[in-house]
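Each remark here refers to the structure printed beneath this line.
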Amino acid sequence: MVGYGPNRGIVPITCDELFQTVENNSDSNRRFEVTFSMLEIYNEQVRDLLSKDNPKGGLQVRQNPKLGYFYVENLKKVPVGSYKEIEKRMEQGTASRTVASTNMNATSSRAHTVVTITFDQIIKDSDSGSETKKSSVMNLVDLAGSERADSTGAVGDRLKEGANINKSLSALGNVISALADLSMGTKKKIVVPYRDSVLTKLLQNALGGN
């Protein structure tokens with residue numbers, strides 16, 4: 001997701017475009033605010049990768065009662081003003097990720113990682129002085145790979161981790177399949193199963209549109 005030099009990943013490329021847009025469009029009646037968060041979903045529990053104090057059992061995933069979307073309660077969101085600041089936070093979060101050795105990979109990721117960049121535009125009406133805010137959210141996701149226990153040699157904790165990884169990837173596939181059916185109009189009644197995993201809950205707006 002990161003990369004350097006000619007192998008720059010999606011995060012630096014996206015952030016460069018974002019901050020270039022901010023620089024090109026800022027004026028006395030328009031300002032921009034960018035915040036950054038980074039979490040991992042480990043065994044269907046959410047860990048804040050920018051915080052040293054994660055509660056036992058993980059952070060709680062809540063649903064907004066009015067708007068319906070899911071969010072992580074008490075997730076740390078850091079204001080950033082450049083990609084350099086984001087890069088620093090990425091390094092901090094990456095150092096906290098859960099990895100372990102399997103037969104297939106010496107440093108196998110045991111969790112999905114979600115980087116969220118929130119981009120707010122605050123526009124001031126020059127006549128009335130009132131302000132309106134428009135928010136955009138980008139979710140950049142590094143999925144843990146699907147695993148077969150007989151190939152990885154997983155037992156104990158590694159086996160449980162692999163099972164949860166596979167479960168959430170399957171849930172994601174089911175959501176995408178249901179959305180495809182919905183767009184094609186092939187079935188009369190379709191319920192998109194966002195609630196089947198933490199990953200699909202948190203990506204509901206990104207996948208289904210808001």
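Of the helices (runs of 4 or more DSSP H) lying entirely inside the stretch 141-210, those containing at least 2 residues that are modelled with pLDDT of 95 or more, touching a helix residue (DSSP H, G or I) at 6+ places or on another chain (Cβ under 9 Å) and under 19 Å from GLN63 (Cα atoms) are 156-184, 198-202. With respect to ARG47, is the statement that it is farther than 26 Å from GLY209 by Cβ, crowded, with 17+ Cβ neighbours inside 10 Å and at pLDDT 90 or above true? The answer is yes for ARG47.
Every test in (1) closer than 12 Å to GLN121 by Cα; (2) in contact with an Asp or Glu (Cβ under 8 Å, 6 or more places away or on another chain); (3) modelled with pLDDT under 85 is passed by GLU33 save one, and that test is (3). Just one of the listed residues (GLU87, GLU91) is loosely packed, with under 12 Cβ neighbours inside 10 Å and either within 18 Å of the chain's Cα centre (by Cα) or at pLDDT 90 or above (or both), and it is GLU91. When the stretch 47-82 is filtered for residues that are closer than 13 Å to SER96 by Cβ, part of a strand (DSSP E or B) and in contact (Cβ under 8 Å) with a residue 40 or more places away in the chain, only ARG47 remains.
Pairing each residue of the stretch 183-205 that is under 10 Å from PHE70 (Cβ atoms) with any residue that is surrounded by 18 or more Cβ atoms within 10 Å (Cβ to Cβ) and of a type outside the set (Phe, Trp, Tyr), provided the two are 6+ apart or on different chains, yields C-beta distances under 6 Å for TYR194/THR200; TYR194/LYS201; TYR194/GLN204; VAL198/ILE41; THR200/ALA171; THR200/LEU172; THR200/VAL175.
The values are calculated or read from the model by the stated rules, or taken from the named source; none is laboratory data. The structure presented is a predicted model; accordingly, all values stated were derived computationally and were not measured. Here the Cβ is made from the backbone with ideal geometry for all residues, glycine too, and neighbour counts use every protein chain on show.
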